[in-house]
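*Asks:* There's a structure below that I have some questions on.
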Amino acid sequence: MSRMLQVAGGAVVAISVLAGVRLLSFTPYTAERDIGAVVRLAWRARGEQVRDCRRRSPEEMAQLPLHMRQEEVCEGRLLPYRLVVALDGDSLVDRLVHGAGAREDRPLYVFQDLIVEPGVHRISVRFTLEAPSAQHDSDHDGGDEARPAPQQRLALDTTITLGVRRVLLVTYDEERVRLVVRGG
């Protein structure tokens, strides 16, 4: 008898779950709310690389295997850049952008969405080297000339028109070597 009760209980639970799923399938889904418009900042830049070098002591050299004995040890990293975004004179973003990777020695990536009200706005974007170094290496991430060069200041100051649920992209134009606006 207990086996029959288990089967009947399982059937009741299964039917209840299926009925619940069926009822919920008729509930209207309202994911697309009027969130306004989006200003998306997206680009990749190679930064100014600095190298910190030091000489190993004879004791350090003696502890290393023969194939790893280099007198000079250098560590490289990219200097951070400051990203400043203002919309109609109000500051929306003011942050440092560091190189990617655990040692911050990879290219800098900017990717950020800003939700704004639709309409006509004045946007100002600045991407500048934060702390120039007196001693830096001239090697950059692969020497890619299609990316912003070290110490180059990227700036955009323009008027934009945004529609409801529209996305405006601020990105780096390789041909013009500057920040540009696309979409909106």
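The values are calculated or read from the model by the stated rules, or taken from the named source; none is laboratory data. Given the structure is predicted, the values throughout are model-derived calculations rather than measurements. As a convention, Cβ positions derive from the backbone with ideal geometry for all residues, glycine included, and neighbour counts pool all protein chains shown. All accessible areas refer to the heavy atoms of the entire protein, side chains included, with ligands and DNA or RNA removed. Shrake-Rupley method; radii C 1.70, N 1.55, O 1.52, S 1.80 Å.
*Asks:* Restrict the check to the range 85-98 and report whether at least one residue is open to solvent by less than 30 Å² (accessible area, probe 1.4 Å) and under 16 Å from LEU162 (Cα atoms).
*Replies:* Start the filter on the range 85-98 by keeping residues that are open to solvent by less than 30 Å² (accessible area, probe 1.4 Å), which leaves 85-87, 93, 97.
When the remaining residues are screened for being under 16 Å from LEU162 (Cα atoms), the result is 86-87.
Checked against the condition, which is being open to solvent by less than 30 Å² (accessible area, probe 1.4 Å) and under 16 Å from LEU162 (Cα atoms), the range 85-98 yields at least one hit.
*Asks:* Sticking with this one: Give me a count of the residues in the range 50-63 that are closer than 30 Å to VAL93 by Cα and either open to solvent by 40 Å² or more (accessible area, probe 1.4 Å) or modelled with pLDDT of 90 or more (or both).
*Replies:* Number satisfying all stated conditions: 1.
*Asks:* From the residues in the range 108-158 that are at pLDDT 90 or above and of a type in the set (Val, Ile, Thr), which one is nearest to ARG44 (Cα to Cα)?
*Replies:* The selected residue is VAL110.
*Asks:* Looking only at the range 18-36, decide whether some residue is open to solvent by less than 70 Å² (accessible area, probe 1.4 Å), modelled with pLDDT of 90 or more and assigned to a strand (DSSP E or B).
*Replies:* No; the residues of the range 18-36 include none that is open to solvent by less than 70 Å² (accessible area, probe 1.4 Å), modelled with pLDDT of 90 or more and assigned to a strand (DSSP E or B).
*Asks:* May I ask you to say which residue of GLY76, GLY47 is assigned to a loop (DSSP other than H, G, I, E, B) and either closer than 28 Å to LEU179 by Cα or not aromatic (Phe, Trp, Tyr) (or both)? Walk me through it before giving the result.
*Replies:* Details: GLY76 fails: assigned to a loop (DSSP other than H, G, I, E, B).
Residue meeting the stated conditions: GLY47.
*Asks:* What are the residue pairs meeting all of these: first residue in the range 79-100, first residue free of Cβ contacts under 8 Å to residues at least 12 places away in the same chain, second residue surrounded by 13 or more Cβ atoms within 10 Å (Cβ to Cβ), Cβ atoms under 8 Å, and 6 or more apart or on different chains?
*Replies:* SER91/VAL84; SER91/VAL85; ALA100/ARG106; ALA100/PRO107; ALA100/LEU108; ALA100/TYR109
*Asks:* So which residues in the range 154-177 are in contact with a strand residue (DSSP E or B) (Cβ under 7 Å, 6 or more places away or on another chain) and within 18 Å of TYR109 (Cβ to Cβ), if there are any at all?
*Replies:* LEU154, LEU156, LEU169, VAL170, THR171, TYR172, ASP173
Conditions tested, residue by residue: (1) farther than 30 Å from TYR172 by Cβ; (2) within 40 Å of the chain's Cα centre (by Cα); (3) β-branched (Val, Ile, Thr).
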residue: GLY9; (1), (2), (3): yes, no, no
residue: VAL39; (1), (2), (3): no, yes, yes
residue: GLY47; (1), (2), (3): no, yes, no
residue: ARG69; (1), (2), (3): yes, yes, no
residue: VAL85; (1), (2), (3): no, yes, yes
residue: VAL93; (1), (2), (3): no, yes, yes
residue: GLY101; (1), (2), (3): no, yes, no
